[in-house]
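Student: For reference, the structure I am asking about is given below.
The values are calculated or read from the model by the stated rules, or taken from the named source; none is laboratory data. None of these values were measured; they are calculated from a predicted model. Please note: Cβ atoms are built from the backbone with ideal geometry, for glycine as well, and neighbour counts cover all protein chains shown. Note: areas computed on protein heavy atoms with side chains; ligands, DNA, RNA excluded. Shrake-Rupley method; radii C 1.70, N 1.55, O 1.52, S 1.80 Å.
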Amino acid sequence: MLGIIFVFSTLWYFSSDLPDYKILANYKPPVSSRVHSGDGQLIAEYAIQKRLFIPYDSIPKKVVFSFLSAEDKNFFSHPGVDAKSVTRAIIKNLKNIFSDKRLEGASTITQQVAKNFLLTNEVSIKRKIKEAILAFRIERAYSKERIMELYLNQIYLGEGTYGVAAASLEYFDKAVGELNYNESALLAGLPKAPSKYNPYKSKKKATARRNIVLKNLYENSYIDKAEYEKLIKSKIKLKKRKIKLLEEANFYSEEVRRIINERYGYDDLYKGGLSIRTPLNTNYQIEAINALRDGLEEYDRRHGWRGTVTNLKEKDWIKKIKELKIDKSLNWKLAKVIKINKLSIKIQTEDKEIGFVDFQYASWTRKKSFDDFLKLNDIIYVKKIKNKKWSLKQLPKINGSIVVMDPYTGRVLAMAGGFSFKLSEFNRATQAKRQPGSAFKPFVYAAALENGFTPSTLVLDAPFVIDQGEGLKTWKPENYGKKFYGPSTLRTGIEKSRNLMTVRIAQQVGFDQITKYTNNFGIYKDVPELLSVSLGSAETTLIKLTSAYCTFVNGGKKITPIFIDRIQNRRGKTIFNSDKRKCLGCAEISYLREEIPTIQDNKEQIISPETAYQVTSMMEGVIKRGTGRKLRNLNLNLAGKTGTTNKNMDAWFLGFTSKLVIGVYVGFDEPESLGKYETGAKAALPVFKKFVKNVIKKKDARPFKVPKDINLVMIDVETGLPPDNNTKSVIYESFKSKDIFFTNLEKLSNKDRLGIDDSKKQKMVLKFY
């Protein structure tokens, strides 16, 4: 009786302050979140610990049997504490006490779960008693499978890894399902002493421990004798996991990280084990950032040499340049000048490689020889050409961004927010607010076309002066080149980027209409009531402007940029899907039905398909005859618009094919003039051109779709009137069926169209402003 009272008193005493084991029901171990591109390539990983969660049903039997044999062979039969193992441990420890050997434990897997989740690592009888009590309670509350799942996802297995899934990748670069008994036994032997039996540190000790586990597997009848003898002779084959993230996508993945953090919070991002699938096209991404970098370098070289990185006389100079290293994807190296001749220099790179730079690869510096601008011990950037030959490089002071989008869905297929993510994480595609300049004009013209104008409507290109209010100077906008061209068609206005015409159109259409459409497009909010807004004086971002241009390609639908396609939680359940479209008829699918289910397009229609096509057609003219004619030699169906702000502070080019919209911005982080002739056509357009040349094939740039209500009529490109004997160039202009100009033309025969006099032509013009 005294014994029973003592046992119950002990249990009552130690049970009074035990932690609540019920938290295990909802326990979710911190698991890393992973971001993948559209083709499945890992582009980012966010975690506090190296851990990947894997449900019990997905853990192969080989792994379970190995851990049972190593840690707790009676796991599926004991109630939480293994009496036989405890008795055996007590007898053995009595012997160990007298021989000064280390004491051994007899903890079951359930006890280890209690210790790892609810208790500390304190070595004491008190903790062991608490551990046993908790083990009994856990066994009554949870299934053996749930306890094993907790254990195999929580256990520390060395090399910073937690759980069998992460350890499998770290030691063998394999998924858990691909492990064999040899590898499973190695992992199962690690919990006893992860550092001691780490195969990277000591293969001999790791092999000995693995062999013990294999022997236990054989004795427990999980493997036969022949398999055991074969496995015991095999060598440990390790393969270190190498996570090769797509460095070129750092700006993109950082934008995804920011979105997830805002939407779900820090814990879900870094501990929640989210699987995030993005629309990123890795090929587009690499080509986009390369095109941007090349364009920024070309601009920088046009403006000559600015100076070396620094000068270091120390022999251990390599240790002092860590902060100067840039993105590996650039393939640039820091180098020290160790010898100077007029037309060549000898260098030592950060990798201690000796090389040479010939002056032909530095002629862009606008210097006559190397000794004009370099001295010994100067630190410079170089890029390898071949063998020991290197070219001189300079970090551009200029910066910029590029965005590539699917115009029908809004999926962002590529984005680069600057020259180097390592040097500056500031994203110039999503965070830099700049004046779009003439790149904004298509939206003014779209508003005009929605309000009765046609591409052939004549607008006066002449001096314009307006009073801005009391105490303010009068506003006198000018065309680029400060010339006036008289009455010109809407098409000419956008092709030649005429400022004075655009201001007159905005004044005629009305500021309320301009505000309405810019809000609908998502470019601005709360636009100031100034006519200068029509010339792109209000600030916006490249991502907003590129999204707005998508509307012209897709038939007038509003687009929101999508950086994330789908998010799944740690158990594979989809918790977010960017595709909100509904499938009509999918619920009643039957092979007996004749109707085919359809996907409902629920995007908002913000301009008519006819207006969208008319603007697209006019921007095709920008490429054929206007400010974007440098793209003509690509021989592709392209449309686009250049943009340059006052004093050439910022340069833009927004262009598209029938499948892709590409936006490019170039400018300084601290706004200053790019230079007298550095317009959108010179500074930004080459970036667009290089990307398109390397990515777009003829079959991917098909003609733009013409809406049913659009009629193509042959007109004089200069006058916008039917061609006559004095016509130099004709085009097929796009008119809506309701346009008065088109209606009048329909009444004339082909013969009449060529022979009518000017007075009749003038009457057929819709309006003259």
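Student: Where does the Debye-calculated log10 I(q)/I(0) of the range 469-564 sit at q = 0.13, 0.25 Å⁻¹, using only Cα point scatterers of equal weight, no solvent?
Tutor: -0.55, -1.41
Student: Ok, one more. Arrange the peptides 414-422, 27-35 so that the one whose residues have, on average, the most other Cβ atoms within 10 Å appears first. Don't skip to the answer; put the middle values down first.
Tutor: Numbers: 414-422: 24.7, 27-35: 19.7.
The peptides rank, most packed first, as 414-422, 27-35.
Student: May I pose another question? Looking at the chain, what % of its DSSP beta bridges pair antiparallel, to the nearest 5?
Tutor: Counting DSSP beta bridges with both partners in the chain, the antiparallel share is about 90 percent.
Student: Now for a different question. For H303, tell me the accessible area in Å² from a 1.4 Å probe, rounded to the nearest 10.
Tutor: Ignoring ligands and nucleic acids, H303 comes out at about 90 Å².
Student: Take peptides 533-543, 326-336 and line them up by average Cβ neighbours within 10 Å, highest first, as a rough protection proxy.
Tutor: On the way: 533-543: 22.3, 326-336: 18.4.
Those peptides, ordered most packed to least, come out 533-543, 326-336.
Student: Moving on to the next point. Taking Rg and Dmax of the Cα atoms in Å straight from the coordinates, which label in (1) 35.7, 126; (2) 28.2, 90; (3) 24.6, 79 is the correct one?
Tutor: The calculated read-out lines up with (1).
Student: While we're on this one: Restricting everything to alpha-carbon atoms, can you work out Rg to Rh for the range 346-460 with a Kirkwood hydrodynamic radius?
Tutor: Details: Rg = 23.4 Å, Rh = 19.3 Å.
Rounded to two decimals, Rg/Rh equals 1.21.
Student: Let me make sure I get this right: for the range 553-619, a, b and c are the square roots of the gyration tensor eigenvalues over alpha carbons, sorted descending. Under 1.5 in a/c it's rounded, otherwise prolate if a/b > b/c, else oblate. Which is it?
Tutor: Values: a/c = 3.83, a/b = 1.36, b/c = 2.81.
Oblate.
Student: So, one more: How large is Rg/Rh for the range 314-389, to two decimals, with Cα atoms and a Kirkwood Rh? Numbers along the way, then the final one.
Tutor: Details: Rg = 12.2 Å, Rh = 12.9 Å.
Rounded to two decimals, Rg over Rh is 0.95.
Student: Based on the Cα coordinates of the range 638-750, what is the per residue volume of their convex hull in Å³?
Tutor: Numbers: hull volume 19.5 nm³, N = 113.
Looking at the range 638-750, the number lands at 172 Å³ per residue.
Student: Next question. Arrange the residues E425, E470, E183 by how much accessible surface each exposes, largest first, with a 1.4 angstrom probe.
Tutor: Values: E425 110, E470 190, E183 20 Å².
Largest accessible area first, the residues go E470, E425, E183.
Student: OK, next. Rounded to the nearest Å, what's the spacing between the alpha carbon centres of the range 123-185 and the range 374-398? Just the number, please.
Tutor: 52 Å
Student: Note the direction-averaged projected area, equal to a quarter of the hull surface, for the Cα convex hull of the range 382-428, in nm². Kindly include the intermediate steps, with their values, before the conclusion.
Tutor: Working: hull surface 20.2 nm².
About 5.0 nm², averaged over all directions.
Student: Right, next: With the dipole of the chain worked out from charges on the C-beta (+1 for Lys and Arg, -1 for Asp and Glu) around the Cα centre, which of I606, P199, S66 lies farthest toward the positive end?
Tutor: P199
Student: Sorting check: for 475-484, 713-722, which peptide has the highest mean count of neighbouring beta carbons within 10 Å, and how do the rest follow?
Tutor: On the way: 475-484: 12.5, 713-722: 20.2.
Result, highest mean Cβ count within 10 Å first: 713-722, 475-484.
Student: Nearest 0.05, what FRET efficiency do K389 and K698 give at R0 = 35 Å with Cβ-Cβ as r?
Tutor: Working: r = 37 Å, r/R0 = 1.05.
The value I calculate is 0.45.
Student: Then there's this: Determine which residues of the range 636-661 fall in the zone a paramagnetic label at S729 would reach in this model, i.e. backbone nitrogen under 17 Å from the point 7 Å along Cα→Cβ.
Tutor: 636, 638-642
Student: Okay, moving on. Can you pull the percent of Cα pairs in the range 419-524 with separation above 24 Å? Before the final figure, lay out the partial values.
Tutor: Values: 1967 of 5565 pairs.
Looking at the range 419-524, the distances longer than 24 Å represent 35 percent of pairs.
Student: May I have the count of lysine pairs in the range 524-582 with C-alpha atoms under 16 Å apart, counting pairs 8 or more residues apart or located on different chains?
Tutor: On the way: K525/K544; K525/K558; K544/K557; K544/K558; K557/K580; K558/K580.
Lysine pairs meeting the criterion: 6.
Student: What distance in nm lies between label points placed 7 Å from Cα along the C-beta direction at S737 and K573?
Tutor: That separation, rounded to one decimal, is 5.1 nm.
Student: Sticking with this structure for a sec: Taking square-rooted eigenvalues a ≥ b ≥ c of the alpha carbon gyration tensor, is the range 209-359 rounded, prolate or oblate, where a/c under 1.5 means rounded and, failing that, a/b exceeding b/c means prolate? Each step should come with its number before you reach the end.
Tutor: Details: a/c = 3.16, a/b = 1.70, b/c = 1.86.
The shape class here is oblate.
Student: If you don't mind, another one. Using the charge dipole of the chain (Lys, Arg: +1 at Cβ; Asp, Glu: -1 at Cβ; taken about the Cα centre), state which of T627, P686, I466 has its Cα farthest towards the positive end.
Tutor: P686
Student: Lone cysteines in the chain, going by a 4.7 Å Cβ-Cβ cut-off?
Tutor: That list is C550.
Student: Moving on. May I ask you to give the solvent-accessible area per residue for the range 662-739, in square angstrom, as obtained with a 1.4 angstrom probe?
Tutor: Working: 4110 Å² over 78 residues.
That works out to 53 Å² per residue.
Student: What is the percent carbon and sulfur in the accessible area of the chain, measuring with a 1.4 Å probe over the protein chains and ignoring ligands? Don't jump to the answer; show the numbers that get you there.
Tutor: Numbers: 19430 of 38350 Å².
Accessible surface attributable to carbon and sulfur in the chain totals 51 percent.
Student: Along Cα→Cβ, 7 Å out, is where each label goes; now give me the distance between the ones at Q507 and E604 in nm to one decimal.
Tutor: 3.1 nm
Student: Another question, then. Taking the Cα-to-Cβ direction at N74 and at S202 and moving 7 Å from each Cα, how far apart do the two end points lie in nm?
Tutor: Simple spin-label model gives 3.1 nm for this pair.
Student: Oh, and also: What relative contact order, as a whole-number percentage, does the chain give when Cα pairs under 8 Å and 6 or more residues apart are counted? Don't skip to the end; give the middle numbers.
Tutor: Numbers: 1414 pairs, mean separation 86.2, N = 769.
Over the chain, the number comes to 11 percent.
Student: If the cut-off is a Cα-Cα distance under 13 Å, which aspartates and glutamates reach K240, setting aside same-chain residues fewer than 8 apart in sequence?
Tutor: Answer for K240, where 13 Å is the Cα cut-off: E159, E170, D173, listed by chain and number.
Student: Using +1 on the beta carbon of Lys and Arg, -1 on that of Asp and Glu, and nothing else charged, what's the dipole of the range 454-608 about the Cα centre, debye to 20?
Tutor: Magnitude of the dipole: close to 520 debye.
Student: Next question. Before rounding to the nearest 500, sum -39500 (n - 2.57) across all DSSP H runs of length at least 4 in the chain and divide by the residue total; then give [θ] at 222 nm in deg cm²/dmol. Provide the component values of the computation, followed by the final result.
Tutor: Details: 23 runs with 261 residues, N = 769.
Computed ellipticity for the chain at 222 nm equals -10500 deg cm²/dmol.
Student: Also: For L472 and F668, what does the FRET efficiency come to when R0 = 25 Å and r is the distance between their Cβ atoms, rounded to the nearest 0.05? Don't jump to the answer; show the numbers that get you there.
Tutor: Values: r = 28 Å, r/R0 = 1.13.
The formula returns an efficiency of 0.35 here.
Student: Compute the separation of the alpha-carbon centres of the range 528-570 and the range 189-234 and state it in Å as a whole number.
Tutor: That distance is 59 Å.
Student: Can you tell which of G273, P487, Y549 lies farthest toward the positive end of the dipole of the chain, using +1 and -1 charges on the Cβ of basic and acidic side chains (Lys, Arg; Asp, Glu)?
Tutor: Of the listed residues, the answer is G273.
Student: Let me know the shape class of the range 231-299, please: from the alpha-carbon gyration tensor, a ≥ b ≥ c as square roots of the eigenvalues, rounded when a/c is under 1.5, otherwise prolate if a/b is greater than b/c, or oblate.
Tutor: oblate
Student: About its Cα centre, how strong a charge dipole does the chain have in debye, to the nearest 20, once Lys and Arg get +1 and Asp and Glu get -1 at the Cβ? Present the calculation step by step, with values, prior to reporting the outcome.
Tutor: Values: 133 positive and 84 negative charges, 673 e Å.
Using Cβ point charges on Lys, Arg, Asp and Glu, the chain gives about 3240 debye.
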